[in-house]
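The block underneath contains the structure these notes are about, expressed in C-alpha cells.
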Amino acid sequence: MGFRASCARRAAAAGLVGHVRNLPDGGVEAVFEGPDGDVAEMVAWCRRGPAMAAVTGVHVTTERPAGDLEFRIR
C-alpha cells in the first residue's frame with residue numbers, strides 16, 4: 001500500500017481530520033488535526049511510513065486548524 005493511502009487509513013482510524021497529498025517536488029504533505037498525542041503518533045509514523053517507504057525526512061510546522069470534517073487524500 002502507498003504512503004498516502006496508508007497515512008489516510010491510519011489517521012482516520014485515530015480519529016484525526018486533515019489531508020495527505022503529493023507535492024510537485026515529489027514530497028508528500030500531510031496535515032493532521034486532533035488531540036496533540038494522536039497527532040504526535042501520526043508524525044512519528046510518518047518518519048517511518050509504511051513498509052517499502054523511503055522516508056528521507058520530515059518537516060513539522062504548527063498551523064491554525066482548518067476545521068476539516070474528515071481525513072482525505074487530495
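Just a few scattered comments:
- Taken together, the residues in the stretch 5-20 that are crowded, with 20+ Cβ neighbours inside 10 Å and among the hydrophobic types (A, V, I, L, M, F, W, C) amount to 5.
- Filter result for the condition that a residue is loosely packed, with under 11 Cβ neighbours inside 10 Å and basic (Lys, Arg), over Arg64, Arg72: Arg64
- Checking Gly49 against (1) surrounded by 11 or more Cβ atoms within 10 Å (Cβ to Cβ); (2) over 15 Å from Arg10 (Cα atoms), the condition it does not meet: (2)
- Cross-chain or 6+ apart pairs with Cβ under 6 Å, the stretch 39-67 first and touching a residue at least 40 places away in the same chain (Cβ under 8 Å), then hydroxyl-bearing (Ser, Thr, Tyr): Pro50/Ser6
- So Ala14, is it aliphatic (A, V, I, L, M), within 15 Å of Arg74 (Cβ to Cβ) and either touching a residue at least 12 places away in the same chain (Cβ under 8 Å) or in contact with a Ser or Thr (Cβ under 9 Å, 6 or more places away or on another chain) (or both): no
- Meets criteria (modelled with pLDDT of 95 or more and exposed (fewer than 10 other Cβ atoms within 10 Å of the Cβ)) for Ala44: no
- Of the candidates Pro24, Pro50, the single residue that is out of contact with any Phe, Trp or Tyr (no Cβ under 7 Å at 6 or more places or on another chain) and not in a helix (DSSP H, G or I) is Pro24.
- If the condition is being in a loop (DSSP other than H, G, I, E, B) and within 13 Å of Ala11 (Cα to Cα), then the stretch 27-46 contributes Gly34, Pro35.
The values are calculated or read from the model by the stated rules, or taken from the named source; none is laboratory data. These numbers were taken from a predicted model, which means no experiment stands behind them. Counting neighbours? That spans all protein chains shown, and the Cβs are built from the backbone with ideal geometry, glycine included.
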